[in-house]
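Below is one structure, written out as structure tokens; comments come after it.
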Amino acid sequence: MASPKYSHHFSVNNLPYGVASSPTQPRQCATRLANTVIFLGALQQSGLFDKIDALSNDIFSNETLNEFAALPKHTHTAVRARLQATLRDPGLDAIPANAKADITAVQIHLPISIPGFTDFSNSLNHVQNAGRAILNDPSPPPGFFHFPIGYTGRASTVVVSGTPIIRPSGHFYDRTNPAPKTVIHGPSRALDYEMELGVVIGKSHEWGSGKGLNAKDAEEYVFGFVIVNDWSARDIQGLEMIPLGPLNGKAFGTSISPWIVTTDALAPFRASAPEPRVPIAGHLQDENEGNYDIVMDVEILHRPTTATADSGLTTDGDKYVSHIATGPARELFWSHRQMVAHLTSTGCDLRTGDLLGTGTVSGSVDGSHGCLLESTKGGREKVKLADGNERVYLLDGDIVRMSAVLGDESSGVGFGECIGEVLPARVD
């Protein structure tokens, strides 16, 4: 069942969209207010949305949000406004009993059918930190300041928060016997997380039109945002990325948070983006306030040991909670609109439900890095956990939990959590 944590993220100022089911309601579109899940399919039958144009009679009874996400922005805005007006006055009492349930009695599902996943690398801090860690050179890739660099990932392995991640096996250098270099095959020894945001495409853009989108016009095509954990096997990735990739180092699993926070909810939190370093092409020129002031956190939940058990530490169930980093998304060098503009600039299409990852969200100082590769300086240093244990990379049984919020707690706008547990590699 779904977690009641982070209820303060889901005020009437937010009202994100997801997909949920319960013992009394089939899988359907939903929203969340604090710890109450509202089944939009059941609510639609009460006539609440009857006066909103473009909504089919059973659009919220779908098992994904794709049909709704594809509608024009003004329709999304109208539905949100109708929900807000109802939930402010008279409030949850106005929602029929069969259309609401406590979050703990609900099963949360992948909110969208994802036809394509493209992952970018939009953080200058991340590419510089990673460059220092891997090559002892913070210089960004040659194209970084000219356009948002990215690669095509595996949409089929995107999973909803709470889905366990099996440690992948693959080819990598045996670091225990570095001379001569020997390639072995086995379970990854360098499993990492990457703390990202994901852009969910709503309105589609036709392939082969010969005309891409301008960044300033791209907002119309964005339905909303989710948290993304782009799990990474650094040892597998490191070998296969010479000269291509990544492939198997990333393709085994990508987790997303279950609630899509709309651009309407994010709008009050617009923030200035970093200034361009070089003249950029016209289609990539964006508004001054191109980013959102989203603050992201990552924690590792891990098993205690007899030697270090301490009842004074923060726990979650039978695990200790170690806060690892807080990352500022407002520092992303390229905006979500610029990602859309670059992807479509050669005639590439956009399909409803496409997921575009921002790449790792990182700051410039210790405690703000969005992956262990950065936090451990490429494995040369260890990250101290709350109970005194240490990590270089993730161990089996570790749970990674990411969260993201805008403004302070009184704003009531956040993403909840994106969580996944590392399971041991499959043994033949």
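The values are calculated or read from the model by the stated rules, or taken from the named source; none is laboratory data. Since this is a predicted model, take the numbers as computed values, not measurements. Glycine gets a Cβ as well: all are built from the backbone with ideal geometry, and neighbour counts include every protein chain shown. Accessible surface is based on the protein model in full, side chains and every heavy atom, while ligands, DNA and RNA are left aside. Shrake-Rupley method; radii C 1.70, N 1.55, O 1.52, S 1.80 Å.
Between VAL365 and ARG175, what length comes free when the chain is fully extended (0.36 nm per residue of separation minus the Cα-Cα distance, one decimal in nm)?
65.6 nm
Once you've got the GNM for the chain with C-alpha springs shorter than 10 Å, pick whichever of PRO142, PRO258, PRO246 has the biggest mean-square fluctuation.
Of PRO142, PRO258, PRO246, the Gaussian network model singles out PRO142 as fluctuating most.
Over segment 159-294, with the other protein chains present, what is the accessible area per residue in square angstrom, probe 1.4 angstrom?
Accessible area per residue, segment 159-294: 44 Å².
³J(HN,Hα) across segment 267-277 via Karplus (A = 6.51, B = -1.76, C = 1.60, θ = phi - 60°), whole Hz, x for Gly/Pro?
Whole-Hz 3J(HN,Hα) from phi for segment 267-277: 3, x, 10, 4, 9, 5, 8, x, 6, x, 8.
Check ARG27: other-chain or 5+ apart residues with amide H under 5 Å from its amide H, H built from backbone geometry?
Close amide H contacts, sequence-distant or interchain: none at all.
Considering the options ILE134, ILE108, VAL79, tell which one lies farthest towards the positive end of the dipole of segment 1-141, charges being +1 on Lys and Arg and -1 on Asp and Glu at the Cβ, about the Cα centre.
ILE134
Give me the 1.4 Å probe accessible area per residue for segment 7-109, excluding ligands and nucleic acids, in Å².
So segment 7-109 comes to 42 Å² accessible per residue, rounded to a whole number.
Among ILE236, GLY379, ALA329, pick out the residue whose Cα is farthest towards the positive end of the charge dipole of segment 119-423, where Lys and Arg carry +1 and Asp and Glu carry -1 on C-beta, about the Cα centre.
The residue sitting farthest along the positive end of the dipole is ILE236.
What FRET efficiency comes out for the pair ASP408/ASP58, r = Cβ-Cβ distance, R0 = 51 Å, nearest 0.05?
Once rounded, the FRET efficiency stands at 0.85.
Given the options VAL383, VAL295, VAL183, which has the most mean-square fluctuation in a GNM of the chain, springs set between C-alpha atoms less than 10 angstrom apart?
VAL183
For segment 52-198, calculate the relative contact order in percent as a whole number, restricting contacts to Cα pairs under 8 Å that are 6 or more residues apart.
Contact order relative to length: 16 percent.
Which percent of the Cα-Cα distances in segment 7-109 go past 16 Å?
Result: 52 percent of Cα pairs exceed 16 Å.
Stretched out fully, how many nm does the piece from SER139 to GLU289 gain, at 0.36 nm a residue minus the Cα gap?
This chain segment gains 51.4 nm when fully extended.
For GLU219 and HIS185, what does the FRET efficiency come to when R0 = 51 Å and r is the distance between their Cβ atoms, rounded to the nearest 0.05?
0.65
Below 8 Å, C-alpha to C-alpha, sequence gap of six or more: please give me the relative contact order for the chain in percent.
Relative contact order here is 22 percent.
Between THR24 and GLU275, what is 0.36 nm times their sequence separation minus the Cα-Cα distance? Round to one decimal in nm.
85.2 nm
Counting C-alpha atoms alone, how compact is segment 317-375: give Rg to one decimal and Dmax as a whole number, in angstrom.
Looking at segment 317-375, its Cα Rg and Dmax stand at 16.0, 51 Å.
Karplus couplings for segment 103-110 from phi (6.51 cos²θ - 1.76 cosθ + 1.60, θ = phi - 60°), rounded to Hz, Gly and Pro as x?
Once rounded to whole Hz, the list reads 4, 6, 9, 10, 9, 9, 10, 4.
If you roll a 1.4 Å probe over the chain with all protein chains in place, what percent of the accessible area is carbon or sulfur?
Ligands and nucleic acids excluded, carbon and sulfur give 51 percent.
What Kirkwood Rh does the chain have if only Cα atoms enter the pairwise 1/r average? Answer in Å.
22.3
Per DSSP helix of 4 or more residues, -39500 (n - 2.57); summed, then divided by the residues of the chain. What does that give at 222 nm, rounded to the nearest 500?
One gets -3500 deg cm²/dmol as the mean residue ellipticity at 222 nm.
In debye, nearest 20: dipole of the chain around its Cα centre with unit charges on the Cβ of K, R (+) and D, E (-)?
It comes to approximately 460 debye.
Hey, with R₀ at 25 Å, roughly what FRET efficiency would THR104 and LEU313 work out to, going by the Cβ-Cβ distance, to 0.05?
For THR104 and LEU313, the calculated efficiency is 0.50.
When all protein chains stay in place, what accessible area (Å², nearest 10, 1.4 Å probe) is found for ILE108?
That residue has around 20 Å² of solvent-accessible surface.
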